[in-house]
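Beneath this line is the structure, given in structure tokens, with notes to follow.
The values are calculated or read from the model by the stated rules, or taken from the named source; none is laboratory data. Every value quoted in this text rests on a predicted model; they were computed, and no experiment measured them. Positions of Cβ are generated from backbone atoms using ideal geometry, with glycine treated the same way; all protein chains shown enter the neighbour counts.
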Amino acid sequence: MESIFFLIVAAVAVLSSILVVTCKNPINSALSLVMTFFCLATLYVTLDAPFMAVTQVMVYAGAIMVLIVFVIMLLNIRVEAVKRGSHAVFAGGAIGLFLLFQTVWFLGRGTLSGATGTMDRAQVVKVGHIELIGKALFTDFLLPFEITSILLLAAIVGAVILAKRKI
Amino acid sequence: METLILGLPVAYYIAMVAKVLVAFVFVLLTVAYATYAERKIIGHMQVRLGPMRTGWHGLLQPIADGVKLFFKEEIIPSEASKFAFLVAPLVALIPAFISFAVIPFGAPVSIGGYTVPMQIAAYYDQAGQQIFDINVGVLYILAMAGLGVYGIVLAGWSSNSKYSLLGGLRSAAQMVSYELAAGLAIVSVFMLSESLSLHKIVADQAGGIWNWYAFKQPLACVIFFICSIAEINRTPFDLPEAETELVSGFCTEYSSMKYAMFFMAEYANMVTVCAVTTTLFLGGWHGPFLPGWMWFIAKVYALIFLCMWIRATYPRYRYDQLMRLGWKVFLPLTLLNVVATGIVATLVK
């Protein structure tokens with residue numbers, strides 16, 4: 001039952017990610033990307049990670065993609081304006097092949113499968129997903145967390161300076 | 001031995017379907033009669049009668065409206081991008097309805113030995129004797145609210161009309177800015193309840209009106225409600241469809257049932273927002289004497305009335321005023337509220 005569900009979701013995910021690159025209209029590509037994010041979120045739910053799923057929808061589908069759609073609409077990108085040069089196709093193909101090779105290699109090594117460490121599924125269900133993430137984020141990973149917040153602050157200041165340059 | 005599907009009894013699935021139907025019908029009926037109530041209430045507030053001709057005091061008006069819209073001609077502009085144009089009304093409507101999946105709308109009931117919690121995405125664990133629901137319920141609602149913007153943006157862009165595009169752009173900017181303040185206003189509720197599960201948040205507000213988060217977090221409550229009104233584009237924040245400047249904004253080019261779907265989405269959003277506010281701040285379904293679901297409906301309807309009252313009272317904001325209110329007033333206030341809540345909660349403990 002669960003594997004059938006997984007297969008359906010995975011099929012939709014693959015199909016919509018193919019549509020992202022093949023759609024002629026940039027808005028339709030963006031919508032397909034949103035669909036892919038939804039499928040990813042569904043997969044997170046089946047992995048007992050509801051917080052990840054909701055964050056995926058809220059941040060990627062809800063915020064970042066809205067910005068992308070916004071930019072596409074503002075710039076009003078025409079369908080014909082997109083021309084693909086042979087160099088770009090070659091580079092994209094090379095990167096794609098490299099990623100495929102990498103994935104197959106990692107899958108073949110087999111050491112990445114299976115859970116390691118003290119956190120198992122029963123504990124995640126018992127204590128709660130968010131509680132565990134929150135505790136780890138503010139105790140063990142406090143320094144990376146603070147560094148990220150400073151980076152974000154710098155980005156905000158940069159954005160304000162760029163926007164207010166003329167005033 | 002009873003049959004189990006994915007480790008849960010069959011009755012669980014029957015209850016689930018029943019709950020989905022009940023909630024869906026409730027929202028649909030409320031949406032239909034909210035349109036009537038809005039015209040009637042605003043009419044009386046402006047010393048008019050409102051609809052009077054169809055049925056007794058116009059009671060059949062929503063049905064007449066529905067039939068009329070159903071039989072209108074479907075017009076798709078020739079330069080519109082078809083797919084997005086057709087999908088946009090659906091994209092606007094669906095998030096408004098599925099937010100209801102996590103809202104608890106009554107006390108748990110026992111049917112034939114099974115305890116059924118009155119919340120769609122929740123089940124009662126017979127062994128553990130407790131109710132489990134999605135433990136990220138509030139974030140789920142925020143995520144769905146963020147998706148509502150797609151419908152309007154797509155409608156605005158795909159119509160290939162300047163008015164629609166302007167309406168869509170305004171709406172996108174408005175929703176993104178107010179979502180932030182609404183999210184931060186809810187953070188102070190999390191800090192008090194120490195949980196993101198709506199079941200737990202409602203349970204914390206049981207036992208008397210003074211336990212409501214509206215009294216512990218009055219600022220957060222007011223800001224959340226105002227931001228929600230802004231997010232669902234209702235007056236005084238209905239700039240995306242400002243008739244005086246944009247004809248009717250993002251839905252200018254829509255007709256027939258597709259227009260009706262935008263209309264339904266607007267009212268369904270209003271019902272959802274009022275239900276969320278009830279759950280987070282007004283004690284959910286808790287109340288004396290009457291059964292839980294009656295209290296829930298009463299509180300939701302009171303808030304819907306408040307929305308209509310606001311619409312009848314306030315003029316529309318200007319766009320720069322709207323942005324200033326969101327970014328320079330609400331955002332700092334909610335941040336201050338979070339800091340203050342943190343300090344007070346630490347001191348009290």
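The table below lists the values:
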| quantity | calculated |
| --- | --- |
| Segments classed as helices (runs of 4 or more DSSP H), wholly inside segment B:170-242, with at least 3 members that are within 21 Å of B:LEU333 (Cβ to Cβ) | B:213-216, B:218-231 |
| Residue in segment B:332-347 that is modelled with the lowest pLDDT, counting only those that are of a type outside the set (A, V, I, L, M, F, W, C) and more than 27 Å from the chain's Cα centre (by Cα) | B:THR346 |
| So B:VAL338, is it under 18 Å from B:TYR213 (Cα atoms) and either assigned to a helix (DSSP H, G or I) or free of Cβ contacts under 8 Å to residues at least 60 places away in the same chain (or both) | yes |
| Within segment B:291-320, tally of residues that are at pLDDT below 85, part of a helix (DSSP H, G or I) and not hydrophobic (A, V, I, L, M, F, W, C) | 3 |
| Residues of segment B:184-217 classified as in contact with a Phe, Trp or Tyr (Cβ under 9 Å, 6 or more places away or on another chain) and within 10 Å of chain A (Cβ to nearest Cβ), total | 2 |
| Unmet requirement for B:PRO288, which otherwise passes all of (1) in contact with a helix residue (DSSP H, G or I) (Cβ under 8 Å, 6 or more places away or on another chain); (2) in a loop (DSSP other than H, G, I, E, B) | (1) |
| Members of segment A:1-54 found to be facing another protein chain (nearest Cβ under 9 Å), in a helix (DSSP H, G or I) and among the polar types (S, T, N, Q), listed by number | A:ASN28 |
| In segment B:1-25, the residues that are at pLDDT 80 or above and either not in a helix (DSSP H, G or I) or not aliphatic (A, V, I, L, M) (or both) | B:LYS19, B:PHE24 |
| Selection status of B:LEU28, surrounded by fewer than 17 Cβ atoms within 10 Å (Cβ to Cβ), within 14 Å of chain A (Cβ to nearest Cβ) and either under 24 Å from B:ALA260 (Cβ atoms) or at pLDDT below 85 (or both) | no |
| Count of segment B:288-310 residues which are surrounded by 19 or more Cβ atoms within 10 Å (Cβ to Cβ) and either in contact with a Lys or Arg (Cβ under 8 Å, 6 or more places away or on another chain) or farther than 18 Å from B:ALA214 by Cα (or both) | 3 |
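Residue-by-condition table, conditions (1) farther than 30 Å from B:LEU331 by Cβ; (2) within 21 Å of the chain's Cα centre (by Cα); (3) at pLDDT below 75; (4) surrounded by 23 or more Cβ atoms within 10 Å (Cβ to Cβ):
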{"site": "B:ASP125", "(1), (2), (3), (4)": "yes, no, yes, no"}
{"site": "B:GLN130", "(1), (2), (3), (4)": "yes, no, yes, no"}
{"site": "B:GLY137", "(1), (2), (3), (4)": "no, yes, no, yes"}
{"site": "B:ILE141", "(1), (2), (3), (4)": "no, yes, no, yes"}
{"site": "B:GLY151", "(1), (2), (3), (4)": "no, yes, no, yes"}
{"site": "B:SER158", "(1), (2), (3), (4)": "yes, no, no, yes"}
